[in-house]
Protein chains: 4
Amino acid sequence: MLLQASTFFEFYAEYPVTSIFMLRSKSEHAQIIRQEAFLTTPLLPLSEYIDTHGNICQRTILPAGITTIESSVIAECDMHIDVNTDAAYVAIEDLPDHVLQYLLPSRYCEADKVGAQAMEIVKDIQSAYAQVEAIRQWCYSNLYRQYGTTNSSTSAMDVLGSRTGVCRDFTHVAISLCRSINIPARMVVGYLYELKPMDLHAWFEAYVGNRWYTFDALMEQPVGGRIIMAYGRDAADVAFASHFGEVVMVKMEVKVEEVKLS
Amino acid sequence: MLLQASTFFEFYAEYPVTSIFMLRSKSEHAQIIRQEAFLTTPLLPLSEYIDTHGNICQRTILPAGITTIESSVIAECDMHIDVNTDAAYVAIEDLPDHVLQYLLPSRYCEADKVGAQAMEIVKDIQSAYAQVEAIRQWCYSNLYRQYGTTNSSTSAMDVLGSRTGVCRDFTHVAISLCRSINIPARMVVGYLYELKPMDLHAWFEAYVGNRWYTFDALMEQPVGGRIIMAYGRDAADVAFASHFGEVVMVKMEVKVEEVKLS
Amino acid sequence: MLLQASTFFEFYAEYPVTSIFMLRSKSEHAQIIRQEAFLTTPLLPLSEYIDTHGNICQRTILPAGITTIESSVIAECDMHIDVNTDAAYVAIEDLPDHVLQYLLPSRYCEADKVGAQAMEIVKDIQSAYAQVEAIRQWCYSNLYRQYGTTNSSTSAMDVLGSRTGVCRDFTHVAISLCRSINIPARMVVGYLYELKPMDLHAWFEAYVGNRWYTFDALMEQPVGGRIIMAYGRDAADVAFASHFGEVVMVKMEVKVEEVKLS
Amino acid sequence: MLLQASTFFEFYAEYPVTSIFMLRSKSEHAQIIRQEAFLTTPLLPLSEYIDTHGNICQRTILPAGITTIESSVIAECDMHIDVNTDAAYVAIEDLPDHVLQYLLPSRYCEADKVGAQAMEIVKDIQSAYAQVEAIRQWCYSNLYRQYGTTNSSTSAMDVLGSRTGVCRDFTHVAISLCRSINIPARMVVGYLYELKPMDLHAWFEAYVGNRWYTFDALMEQPVGGRIIMAYGRDAADVAFASHFGEVVMVKMEVKVEEVKLS
């Protein structure tokens, strides 16, 4: 299905602030990028670089006052995610070198503290794919979606305590649980068609059966219609906006719609 | 100035052929990317990756029959290039590690064979910038622009023999001459406003005064209005299309126009 | 001074466990590597790869039973660290792209939570170098060195609460404080001559005056005689040994001595 | 078998010259590095960095006068190379992204010019492994080993003309032939036990059956006992010494011997 997704930001800064955005997508397996646009008002100098995860980052300086950013993308998206309930555990000795980092604890994913919880969730479950799916369902069933209970400092351990959070929190818990049983897991951020309420979204991928598979702890039944913007170890790697100074986000509007290209 | 640049390709293949394109731009110093589009007909699976030079590469499989590709970009471009006639030679011991590779000979740039020629061109010229400019002017004045005299196997040495070629050939000669006197030089490909006849274009950058400066051996007076698509050591690194099988390019149309965004 | 440093490990595993070590050094500014040795008993298959921070990693599988590893290095080391009390703050907009990641919070360094503390420490201090030095001294004076009070889950926030820890804990606190005032800081692990008691050591570097400078929150007066083994955002990136399974470290002995090469 | 390999260089420079060496090995599949040493006389500042092929490079400044460099390594080496005559051709669409560059022409390997020759050599041969082996044997049988007939400017095409050369020339021809039939091939340099006459050696690897296999166009029957120092597209990427100025190599001695570690 052809999807058009866009984010409109309005930022306010008292004085100029360096900011980094991660708002560009690359074509891959389940998304063929057809069109992208990125417009700042006022027109700002912009330079792009590739980070260590392969994400395309936009670096600019927000001037004092109001800046608006409109970022949009049109992509042909797979409306189903690949599912393979038999996908097997990949022994750590067989993992590619670059996948190993996704087994380590990271800022928001204290994988080193949740092993007992994970073992309880996956016990008696055979395939690694099914274990990850059990972890995903456990998160979906045992965590409660609630805005305003967590913030940019909240980690997986905090969420396991409070049992509440938003998509990034659910994802941090799921990633931590996977890593604690030696299944590599990484965070993904992007757009999801028909997400309610509409917003930028976070989900995760797990490396089983020799490739990455998509999982989403916020959805009862994961669906496709996703446009990926960035990959990372957790939210610290994939913030859609990082401001190195004080910036107020006055407004943020996200839309994802089906379109027809003429 | 706001420029819209586009390339329309029509390819014909007898049987499916893997192809790699380099047709996406990143925002940087003299170009702010506002919009990009990439459309294949029929719609083809596409995956993008970053090569060792930081270029965004599109990988696909052209099916048997006709495939068209329309790639376009809208960018706010600087209409002047930075000029700094005093920019000094950077001693090799002070070059950043990642710049060193642009001193080595490469497929089309036999820097190891043209030192005497370069010395003759730059003798009595003081600053490194002025030396590169002298090399550029020498190429402009001593090489003759002629289509059909060179092909994808033609190297700088061949061109120094025949004295004829197109932009990529001029650029290979200039790069080889710069490297032979230990000035790092790299190839750039992209769009150039008002190029006549309009086509994709190749020029070069030299590292002097601790940064890369733009030079163009095909123009009497280099101008701005450029949209960079890829960087590399020479044409082997930055082919806009690499086909791993037999593909006929039936048609290729390039346009660069001033636009106003509503 | 020519230093010989070595680590002797004895590990015990019930069943085979994949392990990654970071025990090799590269020559750089203050250390010229003259000799290195790495010996496992029994002799184990070993493959090395480069991680995203440029560290050389050793990957192997510890068999069931006892494995010993002897890693040693001989290096010509600078016995003084570079000090530049005037080194100025580098505005974020002027930082190289690859330095930006050292401003973000990481697993053990909650830079997002310690800004008020940092402001209090550096208030009225002018140069960025002097600010980092004030942070270093604050850590040295206000944290108490005590083994056994922290473990591999302890973060900077935990240490700021308990005020006790070992070199890695002191370093996490100092890094977090630096980042919270927008000074890039990274963790360094390696050997330090005359450290008492002798052990592998952790310290940090801060990016001021357009380069990285060495700081050590564990020493009253930082000294040279250091052999760096790895760089990273915090201890999660630079563990000298990561075991993906249960491994007991039966013994670990570190030595650093002055030597003469015949 | 435990091998000790060493190179002794004596260089002479009139004035200081920046030089880059590639003389360090990493442990991998068929070589477990046990000890390394690198000694310059006089003792020179040295910094090491990782190039885009993952090689560890030593960067220094040779002073005016004589400099000697002794580089040595002790490694446990596999005395056999892996052979798999059934290893199949990997379709280009299935090659990992980072392998693709080894299909392109490079400075010394004009893969774009030797397709007809390659087709003639491999016709009627089924598996890709067997095709590469046929190319290797063709080079061994049709090229004549002769010192002094080629130099650092000699490319595969030159060698196909003269039919003479040394190991690097044989390797360039073999690599070009492989790439021309869409089999990825890369150059390897290092030590080879019992090479006669003893010298640093160059051979190649081809990517078939989803991994790299070792081939050596200089040997009637390829053997193991190899210690790899660097990988690249051709000799331009893997020069053991690159001098950016005039340097005379007064002496070079290579030894490879079996040893016992006490």
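Scanning the stretch A:1-15 for residues that are farther than 18 Å from A:Lys255 by Cα and in contact with a Gly (Cβ under 8 Å, 6 or more places away or on another chain), we see that the one that is farthest from the other protein chains (Cβ to nearest Cβ) is A:Tyr12. Screening the stretch A:208-262 for strands (runs of 3 or more DSSP E) wholly inside it with 3 or more residues that are within 27 Å of A:Thr68 (Cα to Cα) returns the ranges A:226-232, A:241-243, A:247-258.
Filtering C:Glu48, C:Glu76 for residues that are among the acidic types (Asp, Glu), under 29 Å from C:Glu257 (Cβ atoms), more than 14 Å from chain A (Cβ to nearest Cβ) and in contact (Cβ under 8 Å) with a residue 24 or more places away in the chain leaves a single hit, C:Glu76. The number of residues in the stretch A:156-186 being part of a helix (DSSP H, G or I) and touching a residue at least 12 places away in the same chain (Cβ under 8 Å) comes to 19.
If you go through the stretch C:115-143 and keep only what is among the β-branched types (Val, Ile, Thr), within 16 Å of C:Arg163 (Cβ to Cβ) and either touching a His at 6+ places or on another chain (Cβ under 8 Å) or surrounded by fewer than 22 Cβ atoms within 10 Å (Cβ to Cβ) (or both), you end up with just C:Ile121. Of the residues making up the stretch B:88-100, those that are free of Cβ contacts under 8 Å to residues at least 40 places away in the same chain, in a helix (DSSP H, G or I) and under 24 Å from the mean Cα position of the chain (by Cα) are B:Asp97, B:His98. If we scan the stretch A:66-73, do we find a residue that is over 15 Å from B:Glu36 (Cα atoms), touching a strand residue (DSSP E or B) at 6+ places or on another chain (Cβ under 9 Å) and within 14 Å of chain C (Cβ to nearest Cβ)? Scanning the stretch A:66-73 turns up no residue that is over 15 Å from B:Glu36 (Cα atoms), touching a strand residue (DSSP E or B) at 6+ places or on another chain (Cβ under 9 Å) and within 14 Å of chain C (Cβ to nearest Cβ). Pick from the stretch A:1-51 the residues that are closer than 24 Å to B:Ile227 by Cβ and β-branched (Val, Ile, Thr): which of them is surrounded by the fewest Cβ atoms within 10 Å (Cβ to Cβ)? Ranking the candidates gives A:Thr41 first.
Here the condition is being at pLDDT 95 or above and in contact with a strand residue (DSSP E or B) (Cβ under 8 Å, 6 or more places away or on another chain); of A:Ile81, A:Ile92, A:Ile125, A:Ile121, it holds for A:Ile81 alone. I need a count of the residues in the stretch D:102-155 that are within 14 Å of chain B (Cβ to nearest Cβ) and without any contact (Cβ under 8 Å) to a residue 24 or more places away in the chain. Final tally of qualifying residues: 4.
Scan the stretch A:18-32 for residues that are over 18 Å from the mean Cα position of the chain (by Cα) and either within 14 Å of chain C (Cβ to nearest Cβ) or in contact (Cβ under 8 Å) with a residue 60 or more places away in the chain (or both) and the total you get is 2. Here the condition is being β-branched (Val, Ile, Thr), within 29 Å of D:Met157 (Cα to Cα) and not in a loop (DSSP other than H, G, I, E, B); of B:Val132, B:Val189, it holds for B:Val189 alone. Any residue at all in the stretch B:54-64 that is modelled with pLDDT of 95 or more and away from every other protein chain (no Cβ under 12 Å)? Yes, the stretch B:54-64 contains at least one residue that is modelled with pLDDT of 95 or more and away from every other protein chain (no Cβ under 12 Å). May I ask you to list pairs of residues, at least six apart or on different chains, whose Cβ atoms are under 6 Å apart, with the first in the stretch D:203-218 being assigned by TED's automatic domain parsing to the domain that holds D:Val159 and the second being basic (Lys, Arg)? From residues that are assigned by TED's automatic domain parsing to the domain that holds D:Val159, the pairs are D:Glu205/D:Arg186; D:Phe215/D:Arg136; D:Ala217/D:Arg136. Cβ separations smaller than 9 Å between residues 6+ apart or across chains give the following pairs from the stretch C:229-248 residues that are at the interface with another protein chain (Cβ under 10 Å from one of its Cβ atoms) to residues that are in a strand (DSSP E or B) and charged (D, E, K, R): C:Arg233/C:Arg186; C:Asp234/C:Arg186; C:Asp237/C:Arg186. For the stretch C:238-249, the set of residues classified as in contact with an Asp or Glu (Cβ under 8 Å, 6 or more places away or on another chain) and under 21 Å from C:Arg168 (Cβ atoms) consists of C:Met249 only. Among the residues of the stretch D:192-202, those identified as touching a residue at least 24 places away in the same chain (Cβ under 8 Å), in a loop (DSSP other than H, G, I, E, B) and of a type outside the set (Asp, Glu) are D:Tyr193, D:Leu195, D:Met198, D:Leu200. The set of residues in the stretch A:149-168 that are buried (at least 18 other Cβ atoms within 10 Å of the Cβ) and touching a strand residue (DSSP E or B) at 6+ places or on another chain (Cβ under 9 Å) comprises A:Thr150, A:Thr154, A:Ser155, A:Ala156, A:Asp158, A:Val159, A:Thr164, A:Gly165, A:Val166, A:Cys167, A:Arg168.
Looking only at the stretch B:178-206, residues that are aromatic (Phe, Trp, Tyr), farther than 15 Å from B:Ser106 by Cβ and crowded, with 24+ Cβ neighbours inside 10 Å come to 2 in all.
The values are calculated or read from the model by the stated rules, or taken from the named source; none is laboratory data. Predicted model, so just to flag it, every value in this text is computed and none were measured. Glycine also receives a Cβ, built like all others from the backbone with ideal geometry; neighbour counts cover every protein chain displayed.
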